[in-house]
Structure formats: C-alpha cells, structure tokens
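Trainee: Take a look at this one; I'll ask things after.
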DNA sequence: CACCCCCCTTGACGGGGATCAAGCGGCCCG
DNA sequence: CGGGCCGCTTGATCCCCGTCAAGGGGGGTG
C-alpha cells in the first residue's frame, strides 16, 4: 500500500499533481495536445485528496465546489430517499469524473463513498469554468464528459426499465470487464469492490437474487465466483444473455 | 392551432426567433440579464423547426449538430436496444432542452419524437460553445442545464431501482403536475400526451399495470381519469403513496 | 358522418423475484 | 491467532406484476 504522507505544497507537490505527468490523463483530459497546451492544464487540479475505504468524498446536500477525478481506488454514488433508503446510482474507477451532479443546484445531490482506499484529484469548479472559457479543447472535453454521464445514466434506465434480473447482471459484468480492460487490468479476472447488496441496489434487485444469479452463471459455465473474486469464462455467452432474454419478453 | 407558414429569413424571422422577446426565456436561458446581455443571446438560435405529432426531431445514431429548446409541444425520448425494443427515457415540455445526449460522441444516442404538434428552437452546438466561451452567464447556465439532466436521470434510476409500481406512477403524476405548474398550466387538471404503453415503458411496467393503477388511484379518491384526461384530487395523498410504500419494503 | 383502428380497461392466471429463514465462511480486529 | 461479525449462499414460500385474452370506446380519417 502507498504511503499516506502529504508533503507541504511546493515544487514537489506541484509536480506530483501535474496532469501533464499523469498516466491517467488520456482518461480525464482531452487528447492530442502538445506540451505547451498540456502545461495549461496543470493548474486545473488544486490538490489531491485521499479517501479511506468507507469514508465519503462528499455527501448529498453538501455545497458544491469542485469536481474530482479518480486517481486510484473505487467509489459508489448513492442517493438517499426521504425515508432513508439508499439507492446506488453508479460505480466509479480510475480516470472517471465525480461530482457533476452538484453543478445544477450548487449542492451535491448524491453521496460519494470510497469502496477501497482511494485518491482523487480536486478540480475547483470555478477553475474548470475559467479554463474552459480560455481553452477550447478543455471546454469541448468537459462538455463531452458531462454528456457521456447523461448517456450512461440513460443506459442504466434502459437496464432497469426493460431487462430482467439475469440480463441486468450479465450486462453489469460485461460493462465492468470493459471498463477494467480500458484501464489496463485483466478483462477476465477481477475483484468486486462492492457487496452483493450494493450490486443489487444498483441493478434494482435484492442481494439474494444477485447471489443466486452468480451461482447460476457459474453452473452455466459463464463465470467462476468465489465471494468477491470473479473470473469471466465466456464473455460472449454473457453478452448473449443480455441480448437473448430481451427477445423472450 | 397556429399557422404553419414559414417566412423567408429576414428581419421578421430574426425578430420572431429573438430569445430576448420570448416568454419562455427564463426557462431556457440565464436570468437576471440586462437588455444588452440579452441581445447577445439572440444569435444563439439559428432558426425554429416544427415537428408534427409522430415525427422525430432526430434519431439515435444520427450525427449531432445542435441542441433544441422546446417552444411548445411535447416530446418523448427513446432508446432502442439491439433487438429493437424501445425504452422511453424521458418526456419533455416547453422550455426544456433536447439533444444533450449527442455531445459526448458527436452522435445522438436516443430518438426524440413529438407526441403532439410541436416547435423547437434550433441552437447550433458550435454557436453554443462559442458564446459560452465569451459570455460567462451562458456558460454557467449551460453547465447547470447539463447537470440537471444528470440529476433528473438519477432520480429516475432511484424510481426504477427501488420503488414499487404504484409508487412510481404516483411519483410520475406528481412530477408532471409540478412541471406543468411551473409553466403556468393547471396543477390539478391536464391531458396526458403519451399512451399507457409509453408511461409504462418509462416507469418500467406494462401498460396493463399502468391502467390498473390509474383505476385504483381513482377508487382511492386520489385522481379522476378518463382516457388521457387526468384530474388530481389529492396531491398530498399521491405524495404519501410515493413515500409510504418505501417503508413497506 | 360513419367506419375503423388504436388505445384503454378489466379479468384470469402464472412466474420471476422478493421475503423470510438458516447456516456457513472470510476477514478484520483485538 | 482466535473470536465474532459481516457478507454470502441456499432453500421454502408468497405475491406483485407480467402475460394472455376479450371487449369497449374515442378520435382521426376517408
């Protein structure tokens, strides 16, 4: 595990938070920039922030001030209804942007909680808007990031609105595998950072159903599961499950 | 019904598309601007476009070029899955912005269809971005509009993921009533522009269930329904339904 | 104005997934 | 290293809502 010491802000820290040096920058930032353009973006991140597993980056209702880029780790976003029930609205991994829900009302609507020890880059929103006005590639990129979040959410709506439990879970696994692949991890073997309950909340089903379906997928030779460890044996088969049952209904 | 004639673009047309003269501008545009600032925004809308009931403003897969503000009428957005099944992802009325799904991939992901004869203001996206860079209030406003769409979608995810059918339908009616009120229509009496099937798709249930629940709400004295005509008798009761059953599960 | 199609309503029945319950095992903490 | 708690699995049962089916009515069209 990484050391947790936080040096005082100085040249060292500035270097450490430089986007131009970051291996994740093609996930967070516009691509195809030259060195001087990249340098422009180095003022975007004010600081980094570590979040321990179980701790929250921000809570629903809290004032909004910044966006966050996940540097490493894993997060869930949750919405809490009036009576205190919790709905998981998304999972986020390295290179993804958090906090965009807060822009609309200057107040976060959801809570972001780390599912493992994590670190984020803090991007004060005023700075994002300032830089966007003077630097067109950033503006364009930022708009795309916002739009993709909308598209992602609509995909989940389709999942929840028109698919059966087994289709949803298969789609979830395929999606997870694809996002991990894009980050250089194995596409076929990974560790779930979230509980069955959290998966179930996200997919609109109960934890028992998630567990049963994992077992069924294993019987069918699609995956191997042991607790949080998952190995995908037949990705094409999983994709077939997402499409197939749609015809059935 | 309005006349459908479209004069050639000239001073008359320019006046007709002027946001500064539009009664809906506080729904689409930033508020608190002075006259000269408002004038700046008059170049945002290139033209208007009428869409007949049943026709589509754009289709999923089509190249993205502009955002649209609903001037009057009513739209649904739909997502089509691989096998051709259709999921309704939203309903839009006067003053709301369409097309933001297309920014991320320069291509629309959903289809927007008019549910009654409608008209939209066309805002070429290049112009939106240009003006946003030079005019901060527009930039801020545009970001808020994008963010609110994200928040709205997450609300639907909560609806679909954690509420029962009767709660979803009650929440839908309450939401509709609120949005109509904000537009100066009656909060308690309105005509549904969409079919039971479309409501059901949006809310993740079958049209028969929608119909049955409408009948049940009527028996319970919450609403009066005759086909597409709805009168809300007990809005507090409806709100109680959305919250109440959450405790039950 | 009348026809016809589409939409809505209502009933009967069945199944997918929720609920209730019990037991196991991994992992964290002391 | 040992105990305990939390998360996972699996079974039995129930019920909400989907499915299938039939009939009625409203509104748009010719």
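Trainee: Kindly express, to the nearest 10 degrees and within the range 0 to 90, the angle between helix B:125-134's C-alpha long axis and the longest C-alpha principal axis of chain B.
Mentor: That works out to roughly 70 degrees.
Trainee: How far apart, in nanometres, would the label points at residue A:195 and residue B:164 be if each is projected 7 angstrom from Cα along the Cα-to-Cβ direction?
Mentor: Taking the two extended label points, one gets 2.4 nm.
Trainee: Need the full-extension length gain, residue A:49 to residue A:130, defined as separation in residues times 0.36 nm minus the C-alpha distance. One decimal, nm.
Mentor: Difference between extended and current length: 27.0 nm.
Trainee: Angle between the Cα long axis of helix B:207-219 and the longest principal axis of chain B, 0 to 90 degrees, nearest 10?
Mentor: 70
Trainee: Shifting gears a bit: Of B:89, B:78, how do they rank once you tally other Cβ atoms within 10 Å and put the fewest first?
Mentor: B:78, B:89
Trainee: Over all residues in B:131-144, what is the mean tally of Cβ atoms on other chains that come within 10 Å of each residue's Cβ?
Mentor: Taking all residues of B:131-144 together, the mean is 3.
Trainee: Quick one: angle between helix B:165-182 and the longest Cα principal axis of chain B, in degrees between 0 and 90, rounded to 10, please.
Mentor: So the inclination is approximately 40 degrees.
Trainee: Then there's this: Contact order normalised by length for chain A, with contacts defined as Cα pairs under 8 Å and 6 or more residues apart; what percent is it?
Mentor: Relative CO of chain A lands at 17 percent.
Trainee: Percent of alpha carbon pairs in the protein assembly as shown separated by more than 35 Å?
Mentor: Of all Cα-Cα pairs in the protein assembly as shown, 37 percent lie more than 35 Å apart.
Trainee: Hey, rough spin-label estimate for residue A:236 and residue B:224, points 7 angstrom out along Cα→Cβ, what's it come to in nanometres?
Mentor: 6.1
Trainee: Gap in Å between the Cα centre of the stretch A:103-120 and the Cα centre of the stretch A:18-46?
Mentor: For the stretch A:18-46 versus the stretch A:103-120, the Cα centre distance is 22 Å.
Trainee: Under a point spin-label approximation (7 Å from Cα along Cα-to-Cβ), what is the residue A:212-residue A:81 distance to one decimal in nm?
Mentor: According to this spin-label approximation, the distance is 2.2 nm.
Trainee: For each of B:225, B:191, A:241, count neighbouring Cβ atoms within 10 Å of the residue's Cβ, then give the residues from fewest to most.
Mentor: The most exposed by this proxy come first: B:191, B:225, A:241.
Trainee: For B:106, A:34, A:197, what ranking results if the residue with the fewest other Cβ atoms within 10 Å of its Cβ goes first?
Mentor: Least to most surrounded, the residues fall as A:34, B:106, A:197.
Since every read-out is calculated from the coordinates, none of them should be taken as a lab result. Note that this is a predicted model, so its numbers are computed, not measured. FYI the Cβ positions are ideal-geometry reconstructions off the backbone, even for glycines, and counts take in every protein chain you see.
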